[in-house]
Structure formats: structure tokens, C-alpha cells
Amino acid sequence: MNTHNSRIGLVLFAVYLLLYGGFVFLSAFATDVMETTPIAGVNLAILYGFGLIIAALVLALIYGFLCKPTDDEIAARGGKK
């Protein structure tokens, strides 16, 4: 794994950490906000939780798209992707 891929992974991890930190902060210090029901009677805590799951999947797809193997790595494997 090269440093470019590692850097991308760390940036995406930081993005997810901020999203998750926001969830934890709201859950711990603003429970009244998490109890609000913005859409169809579903509270914000549930919506935020599903949002975190979707965000994790999207960030994984972004990582997979951005971290393609380099030509040197492909050559080292015998030309197989």
C-alpha cells in the first residue's frame, strides 16, 4: 500500500470521525434535539444512525474508487489487476 492510499484513508476516516462525533455529542448533550421527529414520526437519532451507515458505505466506495493500484503494483503482480 502506498502513502497516497494511506493518506486518502486517513482523510476519509477523519470525515467519518467528525460525523460520528456529532452523533455522540448530540446523543450525550442534546437529547431533546435527538428526540425530535422531522420525518414521518421517526426521531432524529434513528435518521442520523441510518445516515451514518450510508455515509460509511459511500466513504468506502469513494476509497475504493480513489485507491486504484499503480502501474508498478500491477507489474509486480504479473500484470493482473
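The values are calculated or read from the model by the stated rules, or taken from the named source; none is laboratory data. Just so you know, these numbers come straight off a predicted model, no measurement behind them. Cβ coordinates were reconstructed from backbone atoms using ideal geometry, including for glycine residues, and neighbour counts include every protein chain displayed.
Some observations on this one:
- Yes/no for residue 40 being loosely packed, with under 10 Cβ neighbours inside 10 Å and modelled with pLDDT of 95 or more: no
- Taking region 14-81 as the region of interest, the helices (runs of 4 or more DSSP H) fully inside it that hold 1 or more residues being within 21 Å of residue 4 (Cα to Cα) are 44-66, 71-76.
- Some residue of region 30-37 being among the acidic types (Asp, Glu) and touching a helix residue (DSSP H, G or I) at 6+ places or on another chain (Cβ under 9 Å): yes
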